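Have a look at the structure below, then the notes.
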Amino acid sequence: MAEQARDERFDHLFASPVRERLERGGYASSATPAADDAVPLTYGFPYPDSFPTAELVAATETVLEEEGADVLQYGGGEYVERLHDGLLARERARGIDATRDELFVTNGATYALDAIASTFLDPGDEVLVESPTFVWSLSVLDNRGAELTGVDLDEAGLDPDALEATLDAREAAGEPTPKLLYTIPEFQNPTGATLTRERRERVLELADEYDFLIVADDAYGELRFGGESPPPLAAMDDSGRVIRVGTVSKTIAPGVRTGWVVADEPLIEQIGTMAAGGTNTFTQSVLGRYIDAGHYQPTLERLLDGYEKRRDAMLDALERHLPPGASWTEPEGGFFLWVTLPEGVDTEELLPRAAEEGVTYLPGQRFFVGDDGRGTRSARLSFSHCTPEELEAGVAALGRAAAAQLE
Ligand SMILES: Cc1ncc(COP(=O)(O)O)c(C=O)c1O
């Protein structure tokens, strides 16, 4: 089908991050072939039955009945505070002893990252990111004019040796130290890797030594269905250098658009002032009631079961359907795994054929900063959204497409 040309009349009026993105095709390219019948392993969407709909209906009714107009007013009512209490209690359970003044509730983790970026970054400021990392976060940082440098990551998470080498090289070249390191320490998007405890210690030491802040995006930490969690970076941090980002997108629902930032008070104060337009206190009230009514933990336990089944179904299917020479990560939680296909397969080129066979995914190279040719044999597969049967069919289609390209 012929593609319609984009209307370019007002391109000269766009801000430079928009113009540059249009020119280079840009980060966060999520273009996948239109394939209605294909199994979508593309996005990190929760599975439809995961949502606690009845509990959210009840919570909404309660806050409207009990708080009347207050819940709809700027700032909301008492249940907004209850959400703060509930989130602080959950953070405490993970070893993070934050106060009310060290917590800022936002309209989701992405919004939190945007507020953090606008608090710390001038155009041209350097930010270190994992290579590969979550494409939408690259986009948010890019929007603020950040210069992004990728640091290698393996199955044990961000590589502190690579981080130190990057910092050393910049220092030796007389370049300024990056202001921020953006990391996803738990069940990383896209690889599923979790940063080991030893590496966490090194990363914290390097932040102190080289004077930068660590933005730890913990979208998936509560979704662990096996093994042991290392303490979150914020729980190990004595120097106040960790800005922790959380979200209920994966544990309740992304549609409620609620996340948070935990950091030292002087940082939270400024991040709060940069979050333009305020946050959604109506939804926060509903979630305050939801947590108060005791729904968070039982829902989470149900989800752990649902995601573990899906992860297992995908691992099982990969074993049976991928050609010899393929490899993949085996995360103990989260939404994604990272598959690397044998030499000779290019996942970007493979995508249209894969869609015809019956599966879509995000090609690996889209998760890397710059166009350095990495990730071309890899792909992020999401096991969060589909049923185990669909995952089986999707992986089988990937196997057929890869085998055909190898021939
Ligand atoms: C690492 C990471 N951060 C943030 C988000 C988005 O969070 P939110 O929906 O709260 O903006 C995602 C979701 O895909 C994610 O994978």
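Only beta bridges with both residues in segment 53-294 are counted; by DSSP, about 35 percent of them are antiparallel. Taking a Cβ cut-off of under 11 Å around Tyr210, the surrounding Lys, Arg, Asp and Glu residues balance to a net charge of -4, with basic ones at +1 and acidic ones at -1.
Taking only the C-alpha atoms, wrap a convex hull around the chain and report its volume per residue in Å³ as a whole number. If you can, show how the numbers build up before the last one.
Details: hull volume 64.0 nm³, N = 407.
In the chain, the Cα convex hull volume per residue is 157 Å³.
For Leu362, the residues 5 or more places off, or on other chains, whose built amide H falls under 5 Å of its own are Arg380.
Taking every DSSP helix (H) stretch of at least 4 residues in the chain, weighting each as -39,500 (n - 2.57) and dividing the sum by the residue count yields a mean residue ellipticity at 222 nm of -13500 deg cm²/dmol. Simple rule: put +1 on each Lys or Arg Cβ and -1 on each Asp or Glu Cβ in the chain, find the dipole, and look at Thr166, Val286, Thr119; the Cα lying farthest toward the positive end is Val286. In the elastic network of the chain, a GNM with C-alpha springs shorter than 10 Å, the most mobile of Leu381, Leu180, Leu13 is Leu13.
The simple Förster model, with R0 at 25 Å and r as the Cβ-Cβ distance, assigns Asp49 and Ser229 a FRET efficiency of 0.45. The 1.4 Å probe gives accessible areas that order Thr177, Thr149, largest first, as Thr177, Thr149. Note on Glu319 and Asp36: with the Förster distance fixed at 30 Å, the Cβ-Cβ geometry gives a FRET efficiency of about 0.60. Largest accessible area first, the listed residues Met314, Met274, Met236 line up as Met274, Met236, Met314 when surface is computed with a 1.4 Å probe on the assembled protein chains.
A Gaussian network model of the chain, with springs between Cα atoms under 10 Å, assigns the largest mean-square fluctuation among Asp37, Asp114, Asp142 to Asp37. Segment Asp85..Ala276, full-extension length gain: 66.4 nm, with 0.36 nm per residue of separation and the alpha-carbon distance subtracted. Surface analysis of the chain yields an accessible area of 44 Å² per residue, using protein heavy atoms and a 1.4 Å probe. In the elastic network of the chain, a GNM with C-alpha springs shorter than 10 Å, the most mobile of Gly288, Gly124, Gly44 is Gly124. Counting only protein heavy atoms and a probe of 1.4 Å, the accessible surface of the chain is 48% carbon and sulfur. By a 1.4 Å probe calculation restricted to protein chains, Tyr43 has an accessible surface near 80 Å², given to the nearest 10.
Extension gain, Ser16 to Lys309, is 101.0 nm, computed as 0.36 nm per intervening residue step minus the present C-alpha separation.
Looking at Val242, Phe368, Tyr296, which one has the Cα that reaches farthest to the positive end of the dipole of the chain (charges on Cβ: Lys, Arg +1; Asp, Glu -1)? Toward the positive end, the furthest listed residue is Tyr296.
The values are calculated or read from the model by the stated rules, or taken from the named source; none is laboratory data. Since the structure is predicted, the reported quantities are computational estimates derived from the model, not experimental observations. Note: ideal-geometry Cβ built from the backbone for every residue, glycine included; neighbour counts use all protein chains shown. Only protein heavy atoms, including side chains, enter the accessible area calculation; ligands, DNA and RNA are left aside. Shrake-Rupley method; radii C 1.70, N 1.55, O 1.52, S 1.80 Å.
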